[in-house]
Amino acid sequence: MKKESPAKVKCEKINQIAIVVYDLELVAQNYWDSLGIGPWEVYDWEAPLVYNRMYGGKPAWSREKIALTQVGGVQLELVQPVDGPSLYRDWLEEHGEGLHHFNFFVDDWEGTVDNLTKEGFTSLQSGMFGPHELKNAYNYFDMPPLRAIWEPVFDRGEKFGKPNMIP
C-alpha cells in the first residue's frame with residue numbers, strides 16, 4: 001500500500017543542483033576536463049533579465065554569473081556572485097565553495113510560497129526572471145529540518161538570451 005505524505009508542497013522531481021563558486025569559468029572547465037560534464041551555457045544573471053529581487057525580506061540589487069548544463073535528467077548550475085548582497089555571497093563567506101541548493105518546478109507558485117511560509121520556512125532570496133509577461137519566479141527557502149536550501153521555481157521554459165559557452 002502506498003502511503004500519502006502529509007506535505008502540502010510536493011517535490012516530484014529535482015530539477016537542479018547548484019554549486020556556488022569563486023571562479024565560474026575555472027570550475028566549469030574543470031568539470032569538462034575531469035568528468036566530461038558540459039558544455040556549459042553561461043549567463044549574466046542580473047537586471048533586466050532578473051527583476052523584483054528580494055533579499056532578506058527587502059528589495060535588493062545584485063549580479064551573478066551562472067553556468068548551466070544537463071547531467072542526465074538533472075541540471076547542474078554553477079553560481080558566481082559578482083556584485084551586491086546575495087545569499088550566494090553569504091554562502092561563500094560562511095561556507096566557502098560548494099553545494100548550495102536544490103530546485104524543483106512548481107505549477108502553483110503562490111500556493112507553494114504560502115505553504116512553505118506557513119510551515120515556518122524562511123525565504124532567503126526571491127525574484128522573477130525572463131520576459132515579464134511569463135511571470136517566471138524563484139524563491140530560496142532555508143529548510144533546516146532538511147539540512148538544505150530548496151528553491152521552488154515557476155518557469156514557463158523560455159530561454160533567456162544567447163549564452164556564452166564553456167568550452
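Under a point-charge model restricted to the Cβ atoms of Lys and Arg (+1) and Asp and Glu (-1), what is the dipole moment magnitude of the chain relative to its Cα centre, in debye to the nearest 20?
440 debye
Mind checking Rg over Rh on the chain, alpha carbons, Kirkwood formula for Rh?
Computed over Cα atoms, the ratio is 0.96.
Give me the net charge for the shell around residue 124: Cβ to Cβ below 13 angstrom, other residues only, Lys and Arg +1, Asp and Glu -1.
Around residue 124, the charge tally is -1.
So for each of 67-74, 92-99 I average, over its residues, the number of other beta carbons within 10 Å; can you give me the resulting order with the highest mean first?
The most tightly packed comes first, giving 67-74, 92-99.
Taking K and R as +1 and D and E as -1, what net charge do the other residues with C-beta under 9 Å from the C-beta of residue 42 add up to?
The answer is -2.
Per DSSP H run of at least 4 residues, take -39500 (n - 2.57); add these up for the chain, divide by its residues and hand me the 222 nm value, nearest 500 deg cm²/dmol.
That calculation yields -5500 deg cm²/dmol at 222 nm.
Calculate the FRET efficiency for residue 54 and residue 108 from the Cβ-Cβ distance with a Förster distance of 25 Å, rounded to the nearest 0.05.
0.80
Compute the long axis of helix 24-35 from its Cα atoms, compare it with the longest principal axis of the Cα atoms of the chain, and write down the angle in degrees, 0 to 90, nearest 10.
The angle comes out at about 90 degrees.
Anything over 27 Å Cα to Cα? Flag those among 10/65; 58/135; 135/162, in the order listed.
Correct reply: 10/65.
Please report 100, 132 as a ranked list, fewest other C-beta atoms within 10 angstrom at the top and most at the bottom.
By the 10 Å Cβ count, ascending, the order reads 132, 100.
Only the coordinates and a few stated rules stand behind these numbers; no lab work does. Predicted model, so just to flag it, every value in this text is computed and none were measured. Note that we place each Cβ from the backbone using ideal geometry, even for glycine, and neighbour counts take in every protein chain shown.
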